[in-house]
Amino acid sequence: MESETKQCQSCKQEFTIAPEDFEFYEKIQVPPPTWCPSCRQRRRYALRNERVLYRRPCDLCAKSMVTIYSPNKPFKVYCPSCWWGDSWDAGEYGVEYDFNRSFFEQWQELQIKVPRMSLLTKNSVNSDYTNHSGDNKDCFLSFSTFNGENIIYSTNVYGKQSRDCMDSYRLLNGAELMYECLDSNQSYNCQFSFQCHACSDCLYSYDLKGCSNCIFSYNLRNKSYCILNKQYTKEEYQAYLQQLNLGSFEERKKLYDKWREMMETEALHKYANIDKCLNVSGNNLANCKETYEVFEGDDMDNVRYTHVAIDVKDARDMYHCGLSSELLYESQGVVRSSRVLFSHLSYDNHDIQYCDSCQNSNNLFGCVSVNKSSYRILNKQYSKEEYHNLKEKIIEQMRQNGEYGEFFPASISPIGYNETQGEIYMPMNKEEALALGYKWEDLVPGTYGKETLQPEQIPDNIADVTDDITKLALKCVSCTKNYNIVPAELLLYRQYNAPIPRECPDCRYKKRIATRLPRELWNRQCMCTSNNHEHNDSACQVNFNTPYSPDRKDKVLCEKCYQQEVV
């Protein structure tokens, strides 16, 4: 089988389907995609509201609840207790399939009728403001976080248990006392550190492994008491730290700018953050093989066109998936599952297709909010034989009219594009989104003009901040939205010896995302010119695919040159 070039039905650009992809589509018996990988990813982004939260009453118990659905959405929404409870049955909303109408038309009608869960959260305590998360305790405004305790304003924290972390993105395999850290794992008491592994007590550092007590350092391995990559004694290092006045907001601004400049102009950058992998492309990958165009993934085999995954085998076109999953295709928000196709927000399932918010089930087709069930189509119960016969007839009709093999159309997304991760990674204005068929929410939450403490009135040093600040409304210096400091947050600032931020949590989140590399690849040549390497006085001729765009200033090296320079 050979590669095939197609024109994307959405953006009209050409894209290539590889022989390995055709083998996968044949294995799961689906037609090849008609949209390019980028447009397919945008379509999945448009179904994931991670962090835009509202308050509205539960449509069953009437109690006020936190939810991703604004009050003007046309859905029944149940709080977690009611949705997981036994007082209602999703099968009551089941309908017979009508072969005189399209599948997506009938599915959308069901989507509007069946109660939806307010948030996707499981087995958590005092963690109402979390989403796509589970097994947490005392977590607040954190998303895609598992096994965490006292995790605040953070995203993608999972693996072993983590605790007392704030304002961080992608902390793996156990993290503690981490503040404003990115893409780090197995680390303790670090601040403003990026790509640090098994480190402790490090500040404003980049690409460290096995290090402790380092500041403004980069590309180091198994070092301690380093400043700007220079070795100092313990006493000299501690004296330097005491001079910095880390509790000061003005001092921290200077340190942040120095950190960003150091990473851009001084540090060496491997073409991608890839560790212990074989035949892969993408970024932030570990323990993967035969995995291509994947960003943020661990322990994967034969995965492509996927963002944010862990422990997955045989998958294509996924967003946020894993935890012992296999045979996944064109879905988002899928964990502990197998053979899940074209589905959304569904955990612990086997052999389901075109499902939304279904849990602990198997053999479902076109279902919404089904839990602990089997052999249902449009939520209606069938015998095993009836189910398989009817499913095949529906799939054949969908193939004939071009529906089967496509993810949910943008027009039936339950949320507006500006509420989703699409707004973060592939932003569009309202006119652009509507022109492409996506929805838009005009009533996104936010309070403005109600501040009781101006930014310039916040004490510069955390030592001068009193407990009363948790009762005041602050004003973000970037978007002007009002925000609060919650008591657990204030305790961590004091523990970190870090000042009160002048930006709201959302602006701080966007700033962290902007610090990371994009989820795109460019073909570039190694920038190494060292005469100590095999290429001698000439430039290294190795080419690679990298998330570092050609217009960046970073010095980007191939694997071999990087290892020779760093190790």
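Just a few scattered comments:
- Top-ranked residue of the stretch 247-276 - restricted to ones that are of a type in the set (D, E, K, R) and in contact (Cβ under 8 Å) with a residue 40 or more places away in the chain, ranked as surrounded by the fewest Cβ atoms within 10 Å (Cβ to Cβ): Glu250
- As for the stretch 161-174, it holds at least one residue that is assigned to a loop (DSSP other than H, G, I, E, B), modelled with pLDDT under 95 and assigned by TED's automatic domain parsing to the domain that holds Arg252.
For every residue, the table says whether it meets (1) surrounded by 21 or more Cβ atoms within 10 Å (Cβ to Cβ); (2) farther than 15 Å from Trp83 by Cβ.
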| position | (1), (2) |
| --- | --- |
| Leu345 | yes, no |
| Gln353 | yes, yes |
| Asn362 | no, yes |
| Cys367 | yes, no |
| Tyr375 | no, yes |
| Ile394 | yes, yes |
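- Scanning the stretch 152-181 for residues that are surrounded by fewer than 20 Cβ atoms within 10 Å (Cβ to Cβ) and farther than 20 Å from Arg494 by Cα returns Gly159, Lys160, Gln161, Asn173, Gly174.
- Residue in the stretch 503-514 that is touching a Ser or Thr at 6+ places or on another chain (Cβ under 7 Å), free of Cβ contacts under 8 Å to residues at least 40 places away in the same chain, farther than 15 Å from Ile152 by Cα and exposed (fewer than 15 other Cβ atoms within 10 Å of the Cβ) present: no
- Which numbered condition Trp522 misses (of (1) surrounded by fewer than 18 Cβ atoms within 10 Å (Cβ to Cβ); (2) over 30 Å from Cys540 (Cβ atoms)): (2)
- Restricted to the stretch 556-567, and to residues there that are touching a strand residue (DSSP E or B) at 6+ places or on another chain (Cβ under 7 Å) and farther than 12 Å from Gln525 by Cβ, the residue that is surrounded by the most Cβ atoms within 10 Å (Cβ to Cβ) is Tyr562.
- Some residue of the stretch 394-402 being outside the structural domain of Lys12 (by TED's automatic domain parsing), in a loop (DSSP other than H, G, I, E, B) and out of contact with any Gly (no Cβ under 6 Å at 6 or more places or on another chain): yes
- Residue ID - modelled with the lowest pLDDT, chosen from residues in the stretch 108-158 that are within 15 Å of the chain's Cα centre (by Cα) and assigned to a loop (DSSP other than H, G, I, E, B): Leu120
- Residue check for Thr155: farther than 30 Å from Ala62 by Cβ and among the hydroxyl-bearing types (Ser, Thr, Tyr): yes
- Whenever a residue of the stretch 477-496 is more than 12 Å from Asp467 (Cα to Cα), its partners that are of a type in the set (Ser, Thr, Tyr) and part of a helix (DSSP H, G or I), lying with C-beta atoms within less than 9 angstrom and at least six residues away or across chains, give the pairs Asn484/Thr470.
- Hits in the stretch 453-478 - residues which are surrounded by 12 or more Cβ atoms within 10 Å (Cβ to Cβ), out of contact with any Cys (no Cβ under 8 Å at 6 or more places or on another chain) and among the polar types (S, T, N, Q): Asn461, Thr470
- Residue satisfying all of: in the stretch 430-454; outside any loop (DSSP other than H, G, I, E, B) and either in contact with a strand residue (DSSP E or B) (Cβ under 8 Å, 6 or more places away or on another chain) or not charged (D, E, K, R) (or both); nearest to Ala46 (Cα to Cα) among these: Ala433
- Residue in the stretch 541-549 that is touching a helix residue (DSSP H, G or I) at 6+ places or on another chain (Cβ under 9 Å) and under 30 Å from Lys254 (Cβ atoms) present: no
- With respect to the conditions (1) surrounded by fewer than 21 Cβ atoms within 10 Å (Cβ to Cβ); (2) part of a helix (DSSP H, G or I), Asp98 falls short on a single one, namely (2).
The values are calculated or read from the model by the stated rules, or taken from the named source; none is laboratory data. It should be emphasised that the depicted structure is a prediction, and the values quoted were computed from it without experimental measurement. Glycine gets a Cβ as well: all are built from the backbone with ideal geometry, and neighbour counts include every protein chain shown.
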